[in-house]
Amino acid sequence: MPAGASCLTSFQSTFRCQTWEEPEAALPAFAPALLLAAIYLVLSFRLTEFRGFFEIDPDEGNNLIKALLLDRGHAFLSEIWSDQPPLFAYVLWGVFELFGWKVGVARQVVLVTSAILVFALYDSVRLAATRHHGVLAAHLGAGASVLLLLFASGFGVLRVSVMIGLPAIALAALAVWIALRAAGFGGEIPARE
């Protein structure tokens, strides 16, 4: 009988003994991925020097100018030519309105989206691998996938460049993570027959 439950033996034989226990507070399964993304973001802000550079990539100016033109009242796609979806330009415009018109602010937005990518990649791999390989192997595989991402050629520059590529990939990875969660991945390991 659980601790704190007291039922008389004669009472148990007649009626079912009910206990009122406090539910255990458990962390969500995606807590390790969230913690890893937070550590990555804090270390990136502290250790990466990206605020002082005038230009990391020539394409940065295109996205910054789109946000500036939106601020000046120009309509997207009718007055601003772009071969890319407008979400990133609108996000930059909104962030600039809140925190000021500095390139470092835009680079921080991209750095936050790279932390979203780290979160979504880690937890998506964990969710997909848990069912077939167990929890420990899933976390090891997820950690390895994040390490491969962090050491991938060009990722160090892309994670702070004001370009649409990394935010788009992060949004796609987040969509995959949501789909995996909705499909019920990451549940109990099925019994082997």
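Overview of values
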| item | result |
| --- | --- |
| Matching residues in segment 108-137 - criterion: being more than 15 Å from ALA37 (Cα to Cα) and surrounded by 22 or more Cβ atoms within 10 Å (Cβ to Cβ) | LEU127, THR130 |
| Residues that are modelled with pLDDT under 90 and touching a helix residue (DSSP H, G or I) at 6+ places or on another chain (Cβ under 7 Å), drawn from segment 66-91 | PHE76, ILE80, SER82 |
| Subset of segment 167-183 (residues that are buried (at least 21 other Cβ atoms within 10 Å of the Cβ) and more than 12 Å from the chain's Cα centre (by Cα)) | none |
| Those residues of segment 144-166 which are open to solvent by less than 80 Å² (accessible area, probe 1.4 Å) and of a type in the set (Gly, Ala, Ser), in sequence order | ALA144, SER145, ALA152, GLY154, GLY156, SER161, GLY165 |
| Segment 97-107 - residue that is open to solvent by 60 Å² or more (accessible area, probe 1.4 Å) and assigned to a loop (DSSP other than H, G, I, E, B) and, of those, farthest from SER161 (Cα to Cα) | TRP101 |
| Out of GLY187, GLY94, GLY141, sole residue that is of a type outside the set (A, V, I, L, M, F, W, C), modelled with pLDDT of 85 or more and exposed (fewer than 15 other Cβ atoms within 10 Å of the Cβ) | GLY94 |
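The values are calculated or read from the model by the stated rules, or taken from the named source; none is laboratory data. A quick note: this is a predicted structure, and the numbers were derived from the prediction, not measured. Note that we place each Cβ from the backbone using ideal geometry, even for glycine, and neighbour counts take in every protein chain shown. Accessible surface is based on the protein model in full, side chains and every heavy atom, while ligands, DNA and RNA are left aside. Shrake-Rupley method; radii C 1.70, N 1.55, O 1.52, S 1.80 Å.
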